[in-house]
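Below is one structure, written out as C-alpha cells, with a few remarks after it.
The values are calculated or read from the model by the stated rules, or taken from the named source; none is laboratory data. Just so it is clear, the structure is predicted and the values come from calculations on it, not from any experiment. FYI the Cβ positions are ideal-geometry reconstructions off the backbone, even for glycines, and counts take in every protein chain you see. To get the accessible areas, we keep the full protein, side chains included, count just its heavy atoms, and leave off ligands, DNA and RNA. Shrake-Rupley method; radii C 1.70, N 1.55, O 1.52, S 1.80 Å.
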Amino acid sequence: MRCPRGRGAQWGNAQGPPKGTTGGRAMSWRKQKALQIHQALTSDPIDIDALRNAAVSEGGLLSQEIRRKVWPKLLNVSVLSLPPKPGPSIRCNHRDFNQVEMDVRRSLRRFPAGMPDAERSVLQEQLTDMILYVLQSHPELNYYQGYHDIAVTLLLTVGPRLGTAMLSSLSTHHLRDFMERTMDPTKHMLNYLMPVIRCESVQLHDFMLRSEVGYIFALSWLITWYGHVLSNYHQVLRLYDFFLASHPLMPVYCAAQMVLMREQEVLRGDCDMPSVHQLLSNIPKDFPFETLVCRTHGLFQRRPPAQLVTQASLHKYKSVSIASFHSLLHSSSSQRPDFVLRRQADPEPGALAPPRSQNRLVKLAVWGLSASLGAAALAVTQSALEWGPEILLGLF
Amino acid sequence: MMSAGPSGDEVGLESSLEASITSTCSFGPSRARIFKIIVIGDSNVGKTCLTYRFCTSCFPERTEATIGVDFRERCVEIDGEKIKIQLWDTAGQERFRKSMVQHYYRNVHAVVFVYDITNMASFQSLPSWIEECKQHLLSNDVPRILVGNKCDLRDSIQVPTDLAQKFADSHSMPMFETSAKNTTDHVEAIFMTLAHKLKSHKSLILSQPPENTVQLNSGAKTTFPCWC
Ligand SMILES: Nc1nc2c(ncn2[C@@H]2O[C@H](COP(=O)(O)OP(=O)(O)OP(=O)(O)O)[C@@H](O)[C@H]2O)c(=O)[nH]1
Ligand SMILES: [Mg+2]
C-alpha cells in the first residue's frame, strides 16, 4: 500500500519514512518533512496545498510545535486576529451552559495522565469558556455532547485563544451539520457509511445490514473525530491532522475504512446488532492508524462523495458543512505568512524579531541542517528566521 | 433464587467478583436467553454509572458523557437458567434521543427510566421520556421501572420519595431509589428483579431472531446497486 503523496508537494524522500531502518535515516526523513512544512508556511502566500499534503501524508504534522503553526492555517485562522479573552459574562444564561458544564466536568480522561489537579481545573475552565464563546457568538449553533471532545483537543494543542478561533471556524464548517437544532443533518452524513462500505465489500455490507447494527456505533467517531473513543492521544492528533486538512465527510470514510479493515473479524462474529455494535465499538489498542489514514485517503479518492450521491437517500439533502468546505478551500489559499502579518500589525522594524542571541543559534542550526540535508535547507530564508525559529529549534 | 453473585459489599470479594462477572459472556454451546433492557433519562442522572455498577460491580470513578448508545452485558443465572442481560446505556441530551435512540427501542424487553433525586428537573422530564418510549415501543406490555439515583446524597434531595412513588403508581411502574455509588444500595437487586419479571413474563419472545429473517434497518432502508 502506497501512502498518499497527493498533488503538489513532493516530499524530499520519495520513499516516505524508511521502515525498519536505522533511527538516523528516519530522523532525517522527519527533518526534511519539517523543513518542507516550514517552507510552505513561509512562502507568500503560504503554500496551503503543501500543508494539507503534509497533514495527510505519512507521519502527519510530526510534532505539537508544527501543529500549532499549521492547524490554524488549515482553517484559515489568522494568529493575529484572535477572540478577546472571555469575561465572566460569557457564562450567563446560555441555553446550553448546564450541559457544557456537566460534560466538561466529566472530561477528566481527556487530559494527560499525571497532570496536577490544579492545572487541569484551569484548563477545564478554559475549555468551558472556549465552548461558550463560540456558542454565544453564533446563536444559530447548538451544543452537542461530544463537541467538548473536539474543543479539548484544540485547547491542548494550540491553547485557549487560538483554540477558540479554530473551534469557531470548525463550527461553521466541518462541524456545522452536527450543530443544527436536530441531528437529522448528522444522520444524513452517517448515511454515507453503508454505501461506502458497499462499494468495497458487498459481503460485509450485507452482513451488517442483516445484523441491523445501524450506524450509531460510528456516531461518536464522527462527531468527536474519534477524540471520544481513543485513549491514545497521539492517535487522536494524527487523525485531527488528517481531518483538519480534509473534506467534512472524511471521518465517515475513515469509519468505513476502519470497518473494512476489520472485515474478517466482523464476518466471523455473530450476526446480530449487539454483537456487531460491541465488536466495532471496541477499537483495538494497536489498530494501525497510519495505515488507516493512508487507506482512507485512497478510498476517498476512489469513491468521492459526488459518485455516491447518485444514490437516492443521499442526494436529497444539502449539507452546509459540505457546501462550506469549498469556500474554505478557496479562502484559505490566499493566507499571508505569519511574519508578514506581524509586520503589518506592527511596522516598527525589528520589534518582533527574535533576540540576537537566539537568532544566531537559529542560524547555526540552519547551517547544521544544510550541511546534513543538502540543498533543501538552503531555501530557508532570512524572512523565515524573522518569522519564528521554534520549528527549526524543535528539530534539534 | 438470585444467584448472580454477591452484591459487592465486601471489599475482599472485589477481585474474585471481577473474575466471575465478565462483560462479555460465554456460556458455551448452549445458547442463553437474552434480555434486552434500555436505560433512559436526562443527562447526568447516572445511567452510565448504574449500568456499569450492574455489569462490573464497581462505581466508575470517571464517567464521560455518553454519545449515542453504549452497550454493556452481564450473564446471570436465575432459577438455574443462564440468562444474558444486555443493557443499552443511552445518551441523555435531548438531541440524541430525538433522532438517534429510537433504533434501540426496537426489540427491547424492558425499559428503565432514571432520574436524579437531587435534581428536580430530571424528574420533571420523565413524562416526556415516557411519552417518547410509548411511541417507539412495539408492544404495550413491555415491563418498565422507575429508578431514582444518587440517594447517597441525602443532604441535597429535591425529589421526595412519596412524590416519585405517586408518579410511578400513576404509570403502573415499580419505583426504586438507589445509588450507583453506594455499594449497600443494591443496584444489582433492581436489575435482577426486572430479570425475574421478564423471566416470568409469558408473552415474551426472548430467543434471538432466526438468522434468515432479513429486516432492514432504518439507517439504510433501501439497497442500491453500487454505482462505483
Ligand atoms: N453521588 C453520586 N454520584 C453519582 C451517582 N451516580 C452517578 N453519579 C455521578 O453523576 C455524574 C453523572 O453520571 P453518569 O453516569 O455519567 O450520567 P449519565 O446519566 O450517564 O449522563 P449522560 O451520559 O450525559 O446521559 C457523574 O459525575 C457520576 O460520578 C450516585 O449514585 N451517587
Ligand atoms: Mg452516560
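Observations on the structure shown:
- Extreme residue, farthest from ligand 2 (Cβ to nearest atom), among residues of the stretch B:104-132 that are within 14 Å of another protein chain (Cβ to nearest Cβ), in contact with an Asp or Glu (Cβ under 9 Å, 6 or more places away or on another chain) and open to solvent by less than 20 Å² (accessible area, probe 1.4 Å): B:Tyr105
- Of A:Ser57, A:Ser107, A:Ser81, all but one fail to be closer than 16 Å to A:Leu237 by Cα and either polar (S, T, N, Q) or open to solvent by less than 20 Å² (accessible area, probe 1.4 Å) (or both); the exception is A:Ser57.
- Of all the residues in the stretch B:70-124, those that are assigned to a helix (DSSP H, G or I), touching a residue at least 24 places away in the same chain (Cβ under 8 Å) and closer than 27 Å to A:Leu279 by Cβ number 6.
- Given (1) within 28 Å of A:Asp103 (Cα to Cα); (2) more than 14 Å from the chain's Cα centre (by Cα); (3) away from ligand 2 (no atom under 16 Å from the Cβ); (4) open to solvent by less than 20 Å² (accessible area, probe 1.4 Å), index of the condition B:Leu146 fails: (2)
- Some residue of the stretch A:196-205 being small (Gly, Ala, Ser), surrounded by 23 or more Cβ atoms within 10 Å (Cβ to Cβ), touching a Leu at 6+ places or on another chain (Cβ under 9 Å) and on the phi < 0 side of the Ramachandran plot: no
- Condition check for A:Asp49: closer than 30 Å to A:Asp346 by Cα, open to solvent by 70 Å² or more (accessible area, probe 1.4 Å) and more than 21 Å from the chain's Cα centre (by Cα): no
- In the stretch B:70-94, residue most open to solvent (accessible area, probe 1.4 Å) [restricted to those that are basic (Lys, Arg) and away from ligand 1 (no atom under 12 Å from the Cβ)]: B:Lys82
- Top-ranked residue of the stretch B:49-64 - restricted to ones that are part of a loop (DSSP other than H, G, I, E, B) and within 13 Å of chain A (Cβ to nearest Cβ), ranked as most open to solvent (accessible area, probe 1.4 Å): B:Glu61
- Selection status of B:Ile67, near ligand 1 (Cβ under 10 Å from one of its atoms), within 11 Å of chain A (Cβ to nearest Cβ) and either under 16 Å from the mean Cα position of the chain (by Cα) or at pLDDT 90 or above (or both): yes
- Residue list for the stretch B:86-95, filter: facing chain A (nearest Cβ under 7 Å) and either polar (S, T, N, Q) or within 11 Å of ligand 2 (Cβ to nearest atom) (or both): B:Gln86, B:Ala91, B:Gln93
- Taking the criterion of being hydroxyl-bearing (Ser, Thr, Tyr), facing chain B (nearest Cβ under 9 Å) and open to solvent by 10 Å² or more (accessible area, probe 1.4 Å), the only residue of the stretch A:161-195 that qualifies is A:Thr182.
- Condition check for A:Asp96: within 14 Å of chain B (Cβ to nearest Cβ), touching a residue at least 40 places away in the same chain (Cβ under 8 Å) and charged (D, E, K, R): yes
- Residues in the stretch B:39-48 that are more than 9 Å from ligand 2 (Cβ to nearest atom) and within 12 Å of chain A (Cβ to nearest Cβ): B:Asp42 alone.
- Check on B:Val214, part of a loop (DSSP other than H, G, I, E, B) and at pLDDT 85 or above: no
- If only residues of the stretch B:161-183 that are open to solvent by 60 Å² or more (accessible area, probe 1.4 Å) and not in a helix (DSSP H, G or I) are counted, the one that is nearest to B:Glu131 (Cα to Cα) is B:Ser172.
- One residue stands out in the stretch A:109-129 among those that are assigned to a helix (DSSP H, G or I) and within 18 Å of A:Trp225 (Cα to Cα): the one that is nearest to the other protein chains (Cβ to nearest Cβ), namely A:Arg109.
- Lone qualifier among A:Arg303, A:Arg295 - being touching a residue at least 40 places away in the same chain (Cβ under 8 Å) and within 13 Å of chain B (Cβ to nearest Cβ): A:Arg303
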